[in-house]
Amino acid sequence: MLLPDWAVLNATVDWLANGLLGFSWWQIVLYALFTTHITIASVTIYLHRHQAHRAMDLHWLPAHFFRFWLWLATGQVTKEWVAVHRKHHAKCETADDPHSPHAHGIETVFWKGAELYRAETNNQETINKFSLGCPNDWIERNLYSRYSWQGVGLMLVLNLALFGAAGLVVWAVQMVWIPFWAAGVVNGIGHYWGYRNFEAPDASTNISPWGIIIGGEELHNNHHTYPTSAKFSVKPYEFDVGWMYISLMQRVGLAKVKKTPPRLQLGQIKPVADEKTLEALIAHRYEVMAGYARELKRTCQDEIAALKAKQADASVLVAARRWLHRDDERVPASVQPKIAEARAAHPVLDKMVTMREELRQMWLSTSLTREQLTANLQAWCHRAESSGIQALQDFSVRLRSAHV
């Protein structure tokens, strides 16, 4: 009868309980959070801002580190992620969008976003059409793309070696981190719930003004408004941790930013709007319309205050307030009667909503010449400044000071 080698058995039990490092539970948690944050940074900096949108250049050293880490922590193939994401922008909110909650349903995208992504990576037409410019060197062809699952297998082995049985839990957290936060939260919640700084031509929202957990991807409406910008934050109170890392890398020569969100320049007020004013309006249309939305909201609030001061019913206007500045196609059908009622009862707001749409047509009109559009803008400013509505007058004067 063979007796067990108690020394070996004890060593095995000790390894399963403590691993090679003997970390306490809180040290293991910190390790898991640290490594998942590196994964998030790799996705947002390398895959998203550098590869998919070419908003920045990366030195070969961090670029290859990110490639290696993504292979190790996610098994992600660069060209597949880039192709699916570029198609998302090209076909946003349509039936061809790989992961729009408006096309597939919020529950499907939130809980099965990773499955939608994997299904699209099997579409060779998508890969061929949208993956141009992705790495195709020897190591990409012979390791990262060819043996994508071996990376996550190696990560499992490392975690088990370092932490014993707890390493399996760490590995599971690492594996679900991107599918949950990126595929579920950003792609799902980021097109369904949140606030909007800009009326981008899709349903994108900012989930939170502080982009830390998902590397700045929380600022999704900002990104869809300026997709080629390396910086996602636009407001003073917004924070993009991915941009912080990019700024630090740029200081030491490891990154070079190509684009950031454009800023509307204001100068001397012109007597009349001219072609340069039109050019500034079109180039900075999202920022201009965000400014108009602020004036509309402020005017609406004044109307509500006036009603309350008279102890009149303000419920209709309160219900319509959050939608008055939105494009018509983005207003839910259930809200439209409230908006119509509010506009009928408040001529000032009706005038501002009407003129908002007229202003929006300046860049939507494709059949008019530059001279015709300039004349239309001049007429718009004249109507605004003779309307007797202070918000319109102030906005028009400010618009006449805009330049490229």
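The values are calculated or read from the model by the stated rules, or taken from the named source; none is laboratory data. Please read all numbers here as calculations on a predicted model, not as lab measurements. When we count neighbours, we look across all protein chains shown, and the Cβ atoms used for this are built from the backbone with ideal geometry, even at glycine. These area figures cover heavy atoms from the full protein model, side chains too; ligands, DNA and RNA do not enter into them. Shrake-Rupley method; radii C 1.70, N 1.55, O 1.52, S 1.80 Å.
Residues that are closer than 15 Å to GLU80 by Cα and either in contact with an Asp or Glu (Cβ under 8 Å, 6 or more places away or on another chain) or among the polar types (S, T, N, Q) (or both) within the range 106-133 comprise THR121, ASN122, ASN123, GLN124, THR126, ILE127, ASN128, SER131, listed in sequence order. What about LYS129, is it touching a residue at least 40 places away in the same chain (Cβ under 8 Å), basic (Lys, Arg) and open to solvent by 50 Å² or more (accessible area, probe 1.4 Å)? Here the answer is yes, as LYS129 does meet what is asked. For GLN311, the conditions (1) open to solvent by 70 Å² or more (accessible area, probe 1.4 Å); (2) within 20 Å of SER387 (Cα to Cα); (3) more than 26 Å from the chain's Cα centre (by Cα) are fulfilled apart from (2). Has the range 222-232 got any residue that is on the phi > 0 side of the Ramachandran plot and not hydroxyl-bearing (Ser, Thr, Tyr)? The answer is no; no qualifying residue exists. With a requirement of 3 or more residues that are surrounded by fewer than 17 Cβ atoms within 10 Å (Cβ to Cβ) and of a type in the set (D, E, K, R), the helices (runs of 4 or more DSSP H) lying completely within the range 178-295 that satisfy it span 275-283. For the range 146-155, what are the residues that are modelled with pLDDT of 95 or more and crowded, with 16+ Cβ neighbours inside 10 Å? Within the range 146-155, GLY151, VAL152, MET155 qualify. Restricting attention to the range 364-404, the residues that are touching a residue at least 12 places away in the same chain (Cβ under 8 Å), aliphatic (A, V, I, L, M) and open to solvent by less than 80 Å² (accessible area, probe 1.4 Å) add up to 9. For VAL353, the requirement of being in contact (Cβ under 8 Å) with a residue 24 or more places away in the chain and either open to solvent by 80 Å² or more (accessible area, probe 1.4 Å) or over 33 Å from the mean Cα position of the chain (by Cα) (or both) is not met. Checking SER396, SER365, SER386, SER334 one by one, the residue that is farther than 28 Å from ASP202 by Cα and either out of contact with any Lys or Arg (no Cβ under 7 Å at 6 or more places or on another chain) or modelled with pLDDT of 95 or more (or both) is SER386 and no other. With respect to (1) at pLDDT 95 or above; (2) surrounded by fewer than 14 Cβ atoms within 10 Å (Cβ to Cβ), the lone exception for ALA95 is condition (1).
Restricting attention to the range 391-404, the residues that are assigned to a helix (DSSP H, G or I) and not acidic (Asp, Glu) add up to 8. Taking the range 304-390 as the region of interest, the helices (runs of 4 or more DSSP H) fully inside it that hold 3 or more residues being closer than 20 Å to ILE282 by Cα are 347-364, 370-385.
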